[in-house]
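Below is one structure, written out as structure tokens; the observations come after it.
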Amino acid sequence: MGASFHRGDRRRGSALVLFMTLLPALLIPLVGLAIDGTRLYIVQAKLSGAVDGAALGAGRLLGTNANTQEIAGEFLSANFPTGFWNTQNFQSNIQYTQTFIMNKITVSATVDVPLMFMRLFGQPTSTVTANAVATRKETRVELVIDRSGTMSNELSSVQSTSTQFVQSFISGYDELGLVVFSNSGVVAYPTTRPYVNSSTGAGGPDTSFETEPTGYTCCDMVDMINKIGTGGWTNMSEGLSLAYQELQKANNRDNDPTRLNAIVLFTDGFPTGLSLYANNPASGANALKAKTSITCTNNPATATDSTTQMIGWVGGSNSGSGSAPGLYPMSLFDTTDTALYWVQYAGNPHPDQTTPANNYLKSPVAGCSTTGLNSGSNTPNLSELQKIPSFDYWNNSTDDSISNTAYKGSSYYGGLTYASGTPNNVSNIGVASWNATDSAGWRIHNDAGLKVTIYVIAYTGTGGTPDTDLLKRLANTADSTSYNTSYQVGQYVEASDTAALAQAFQSVAASILRLAQ
């Protein structure tokens, strides 16, 4: 039987022939679009990478004397070769802007990409564009180093790794300063002495931290780091308070509210000392026993006469018993010796562990007992105090503003009961030291104008006993027991050896510089 064709079959056959005839005309443009689109994508990715690299590479040098526009151009040329994928008409625009707020470099580039198939439709090229911006705010960093007695084993490691930290910043652009503390605190850089004890006075971190003073071989900031000697208690509240005051000085001096302000605290321990104004004449502040009980001449002090003011540091611990040592001189009030003298911390006893009878405290403690505040030995005690003052010399609370319970989270003081009315007890001074340090952190964070971020590096290796709870509170980390979203969030990093210390300092430097971008 022969085949028979219906009219519908003929129609379908005709449609198929027509489709096969038109198929090349349909596929060729689609394939052309795909090929040209791929070329454009490859060129766009290459150009974007080159522009980003140019901005970031030059951005690292913003604020220096380097020609950042020229450097950005070199990065751009190196990463986007002439004629890449037959591109033509490469154009770039690099702008460097320096304002009161920040330094900025803007990189943009365009290039024409020849099209293979779309030219058939009257479009021989397509222009690809890429843009990138890098900014760098000026930073202001106060490095605070614990150099108490337990630091002797890891001192060289801290010196080398903190030196690398300093060199992460740009001299002449960023501002850096240095505070070291043990029994009392010392502003080690800038080295100006006598120290100006005022938040509006001269001093503060500066941009010359890698510059040797004219006519001297010592000391820039790195020199001072490498001159640090160790010994003594851990007066952490004073170290933080001095750093805060130094930041305030620089802020007042520069009149530049845009700088990023940071305190970087290194410690291997927990607070065991604080500084007090024992006979403060302010209402309710005099901590001396009644005049009928003791023979101290200056009871209380004369507010405007430094020769009557009993201001010094005292020591404590978490031992739970024993007499608290004090009252000792603070380096702050030494008007004759250099910053280098105090940083080296030479001698036995140490300079701020001499007896009140042999230093600037001799006049203020006149008439006090020679077995108490006016002891002729190196072990004066606090037997003539009726209480631990409610605030330390720096106006940090010693009895804690949070119902006096925050220290209960401490690994070292949590099991103790604080009794401010028993000042000559070593553990009460220890708890007061913890409270004052915690209060110092709160006061710094609460300064909404300065906006200081606190970074903490804690050494946990041999001899290290950092108080994790307290240090996280200082840094205001999200896992701290006092985390406050309205404060600057810092960073807490632990390190158990030299390699880890180097990584910790690098991590903190990277965090600060990342915020500056």
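Of the residues making up the range 338-363, those that are at pLDDT 90 or above, of a type outside the set (Lys, Arg) and outside any helix (DSSP H, G or I) are Thr338, Tyr360, Leu361, Ser363. Here is the figure for the range 109-149: residues that are under 30 Å from Val186 (Cα atoms) and part of a loop (DSSP other than H, G, I, E, B) total 4. Here's a check for you: in the range 354-382, which residue that is among the aliphatic types (A, V, I, L, M) and surrounded by 21 or more Cβ atoms within 10 Å (Cβ to Cβ) is farthest from Lys291 (Cα to Cα)? Per the criteria, the residue is Leu361.
The criterion of at least 1 residues that are surrounded by 15 or more Cβ atoms within 10 Å (Cβ to Cβ) and polar (S, T, N, Q) is met, among strands (runs of 3 or more DSSP E) falling completely within the range 244-333, by 260-267, 273-277.
Per the conditions (1) among the aliphatic types (A, V, I, L, M); (2) buried (at least 18 other Cβ atoms within 10 Å of the Cβ); (3) assigned to a loop (DSSP other than H, G, I, E, B), the sole criterion not satisfied by Ala419 is (2).
Taken over the range 54-97, residues that are in contact with a strand residue (DSSP E or B) (Cβ under 7 Å, 6 or more places away or on another chain) and in contact (Cβ under 8 Å) with a residue 60 or more places away in the chain amount to 7. Residues that are at pLDDT below 95, part of a helix (DSSP H, G or I), more than 15 Å from Val264 (Cα to Cα) and in contact with a strand residue (DSSP E or B) (Cβ under 6 Å, 6 or more places away or on another chain) occur in the range 505-517; there is at least one.
Only one of Ser162, Ser157, Ser152 is part of a helix (DSSP H, G or I) and under 22 Å from Pro349 (Cα atoms). Can you tell me which? On inspection, the qualifying residue turns out to be Ser152. In the range 402-429, the residues that are within 14 Å of Phe270 (Cα to Cα) reach residues that are basic (Lys, Arg) and in a helix (DSSP H, G or I) with C-beta atoms within less than 7 angstrom, at least six apart or across chains, in these pairs: Gly414/Lys408. Within the range 293-303, is even one residue over 30 Å from Glu138 (Cα atoms), at pLDDT below 95 and not hydroxyl-bearing (Ser, Thr, Tyr)? Yes, that holds for at least one residue. Residues that are in contact (Cβ under 8 Å) with a residue 60 or more places away in the chain, surrounded by fewer than 16 Cβ atoms within 10 Å (Cβ to Cβ) and hydroxyl-bearing (Ser, Thr, Tyr) within the range 130-159 comprise just one, Ser152. For Val222, indicate whether it is surrounded by fewer than 24 Cβ atoms within 10 Å (Cβ to Cβ), in the same structural domain as Ser433 (by TED's automatic domain parsing) and not in a loop (DSSP other than H, G, I, E, B). It is true that Val222 is surrounded by fewer than 24 Cβ atoms within 10 Å (Cβ to Cβ), in the same structural domain as Ser433 (by TED's automatic domain parsing) and not in a loop (DSSP other than H, G, I, E, B).
When Leu474, Leu501, Leu513 are screened for being within 30 Å of Gly59 (Cα to Cα), under 12 Å from the mean Cα position of the chain (by Cα) and surrounded by 16 or more Cβ atoms within 10 Å (Cβ to Cβ), only Leu513 passes.
Tallying residues that are farther than 22 Å from Ala509 by Cβ and among the polar types (S, T, N, Q) within the range 220-270 yields 9. Within the range 334-350, being crowded, with 22+ Cβ neighbours inside 10 Å and out of contact with any Gly (no Cβ under 9 Å at 6 or more places or on another chain) holds for Ala339, Trp342. Among the residues of the range 477-498, those identified as assigned to a loop (DSSP other than H, G, I, E, B) and either among the aromatic types (Phe, Trp, Tyr) or crowded, with 17+ Cβ neighbours inside 10 Å (or both) are Thr477, Ser480, Ser482, Tyr483, Tyr487, Gln488, Gly490. Residue-level check: of (1) surrounded by fewer than 16 Cβ atoms within 10 Å (Cβ to Cβ); (2) closer than 21 Å to Leu62 by Cα, Gly122 misses just (2). Determine, yes or no, whether Asn404 is surrounded by fewer than 18 Cβ atoms within 10 Å (Cβ to Cβ), in the same structural domain as Ser331 (by TED's automatic domain parsing) and of a type in the set (S, T, N, Q). Considered against the rule, which asks whether it is surrounded by fewer than 18 Cβ atoms within 10 Å (Cβ to Cβ), in the same structural domain as Ser331 (by TED's automatic domain parsing) and of a type in the set (S, T, N, Q), Asn404 comes out as yes.
The values are calculated or read from the model by the stated rules, or taken from the named source; none is laboratory data. Worth saying up front: this structure is predicted, and the values here are computed from it rather than measured. When we count neighbours, we look across all protein chains shown, and the Cβ atoms used for this are built from the backbone with ideal geometry, even at glycine.
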